[in-house]
Amino acid sequence: MTIKWSRGNVHLILSWIVVGILGIVEGLYGRTQYYGDWISYLNVSWAVTHLDWREIFNPFWNPGYPALVAGARALAAPTPDGEWYAITAVNWVIYLVAYAAWRGLIRSALALYWPGSLALGKHPFTVWIGVCVFLGACLALDSVSAACPDLLVTTGFLLASGLLLSLIRRKDLLTATLLGLVLGLGVWVKGVFTPFACLFMLTLFIYCCMRGGLWKSFGAVAGTFGVLFAVYIAGISWSYGEFTLGASGALNVPWHVNELPHLTNWQGGPAQFGRPIHPTSQLVAGLPVFGFGTPFHTTYPPYNDVAYWYKGFKTFFSLKMQLIAMGRSLWSLQQILKQHPTVLSLAAALLFIVARRSWRASLLRTIIRVWPLLLPTVGGFATYFIVHVEDRYLSAFVMVIALLTWAPLLDATLQSRRLLATALVIIYGAGALGELAMTDGPSFVAAVNRSDFHDDPKWRIADALTASGLQPGDPVAVIRDSYPTVRVSWAYVSRLRIVAEFGGLPYRIEPQDRNRLDRKDEVLWPNFSETFWTKLTAQQREEIMQAFHQTGARAVVSLAMPNIQPGPGWVALKGTPAWLYKFDDVVNKSTIASNSLSDVSTVPRGIPYPPFDQEERSHGDYCGSPRSRSGIAG
């Protein structure tokens, strides 16, 4: 027995080493810039640093993860590099806590449902199958490198699942209080944890009704959660100006189900959605030129403070649109299945088990027996499915379902257990290796080549802007390129504030299904720089530049430049495709938009670009991780 215990500990220690090393490599080399959601959360982290309470209680971007980033940043070097490494350190710690929560969930399940098999928690099979599933879920579906709370949500869900099983077994108030604390803090991390918390408490309530004996514990869970939830709701309602349970769900449902034009610069319409109370300002009629310098001072207010700009929209229920949204979720799931070997391995394991009658019967008995573990998982997945599904939302659900596929092996009467065990090792091992190669392979290649974020074009733009004399906090305007509007990593790194832009039309799902990434006949994102420099007249360009100047912008950044001479005052940012125009460096403002190409200047006014409310033909890796194929905010 001592030898087996010792070997079990060795395998556990080795698993921590493997998980830790792979996590830090992916964390350091898995990203090279900040993406849409990430910058919004990081703006909240700066609000935490400066105790800006209205921005801390941003009704769309929850403050839990930003508070951790703010704490880590305070201990790091006060530079963009220092912040980058501080974020990586925070994410790596969260990742390790997630692994601890995963191992704790396995122990809790064994202790409650199979107490005679508790020692199997350290068996090499359990340890390494668990490692394979965890790596696939938390380095591929989630990732250490992503500067957002998704991995923290996964951690909270795993902790809550383990504590729920422990509470059912122990029936003590301490475990109940801890469960309520995890659920309450989860709401501070991300809006989706509100329905998750309700699912866990509903599960406990049903268990109490069926078995009894846990009513005091249920009261402790509900009471602890209720205090944290009430404080958070009071904070965001004060910041929003009226009572709200959070803007994330309230906006994501009309965005993804009702097809409300979304992300940035919505000016109102179609008619069923009404008009925003305070939209961003359209600076030039008939052209996609918007200003938004007040009342916020974040990197990119149209997205960092999206709840403010959308306040006043109308929502409605449409069964037809709901079914269409669920159809898009199904399509997204099959895409995820093709793109992620971890999800494919889970599907393969389930199909392998149901192929044999005795295995199928054992799995069904397990599902019925462990329903308190399964109900929050199924309900949590359904929460996403009825609105919008992405790979980064599925990690905790994949891990719990994978755990159920091992359970038939605990049935001593099961036939061919060795065959099933061998098959599961092969399936999940291949899934993990395939995931590490396909999804995380670029991170490991970058680590070998020592190619990190400093080599990213957006980082070089930020360095060039800083070298140009622009100071942190300076307001700038931007002429967009063909990348998603919310890709403003260069502005965040240089600590500039975007107060106006050419481009940034609201994103629309209709008339095409924009989740159909296999379409080859649609333009991904319009090249607004191409439009500005080659489709507008000199008079239009001058009008736009003057409008930029009137917003208080100190400079204009053109993120791309066609093969033309832009005119006096424009300076190329060395080593980047971007150009810079500083208003205070040019005396003759009448030449700011001149262009030497005579054929360009003859384009009729108002013809080259559609009105601002025409939908943008776009797909979007506009938020989420760099591997995301589409996005849901918040």
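Read the figures in this text as sums done on the coordinates, not as results from a lab. Since we're looking at a predicted model, the values are computed, not measured. Quick reminder, even Gly has a Cβ in these numbers, built from the backbone with ideal geometry, and neighbours come from all protein chains shown.
Figures for the structure shown
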| quantity | calculated |
| --- | --- |
| Separation in nanometres of the label points that stand 7 Å from Cα toward Cβ, at Glu530 and Asp584 | 3.6 |
| Amide H contacts under 5 Å for Val478, placed H, 5+ residues apart | Ala500, Glu501, Phe502, Val557 |
| Extended-chain gain in nm, criterion 0.36 nm per residue less alpha-carbon gap, Glu242 and Leu364 | 39.2 nm |
| Spacing of the two label points (7 Å from each Cα toward its C-beta) at Trp215 and Thr466, in nm | 6.2 |
| Local net charge near Ala349, Cβ-Cβ under 13 Å (Lys/Arg +1, Asp/Glu -1) | +2 |
| Packing-based order for 82-89, 497-504, using average beta carbon neighbours within 10 Å, highest first | 497-504, 82-89 |
| Ala74/Asn449 FRET efficiency (R0 30 Å; Cβ-Cβ; nearest 0.05) | 0.40 |
| Inter-label distance for Leu414 and Gln334, nm, one decimal - labels placed 7 Å from Cα along Cα-to-Cβ | 3.1 |
| Residue-count net charge about Ser416 - beta-carbon cut-off 13 Å; Lys, Arg +1, Asp, Glu -1 | +4 |
| Leu433-Gln550 FRET efficiency (beta carbon distance; Förster radius 56 Å; 0.05 resolution) | 0.45 |
| Rel. contact order, % - alpha carbon contacts under 8 angstrom, at least six apart, the chain | 18 |
| Packing-based order for 318-326, 281-289, 180-188, using average beta carbon neighbours within 10 Å, highest first | 180-188, 281-289, 318-326 |
| Tilt relative to the chain, helix 457-467 - C-alpha long axis, 0 to 90 degrees, to 10 | 50 |
| Links that overshoot a 32 Å alpha carbon limit, given the list Lys190/Lys574; Lys171/Lys338; Lys338/Lys574; Lys535/Lys582; Lys190/Lys314 | Lys190/Lys574; Lys171/Lys338; Lys338/Lys574 |
| Top positive-direction residue, dipole computed over region 370-451 with Cβ charges, set His388, Leu414, Pro376 | Leu414 |
| Nearest 10 degrees, 0 to 90: helix 173-189 Cα axis against the chain principal axis | 20 |
| Angle between the chain longest axis and helix 371-385 axis [Cα atoms, degrees, rounded to 10] | 20 |
| Spherically averaged projected area in nm², based on the convex hull that wraps the Cα atoms of the chain | 29.7 |
| Local electrostatic count at Ile498 - Lys and Arg +1, Asp and Glu -1, tallied over other residues with Cβ under 13 Å | +2 |
| Dipole magnitude (debye, nearest 20) for the chain, charges at Cβ of Lys, Arg, Asp, Glu | 2400 |
| Cα-centre dipole for region 133-249 with unit charges at Cβ (Lys and Arg positive, Asp and Glu negative), debye to 20 | 500 |
| Two-site FRET efficiency, Val10 against Ala100, from Cβ-Cβ distance with R₀ of 22 Å, rounded to 0.05 | 0.75 |
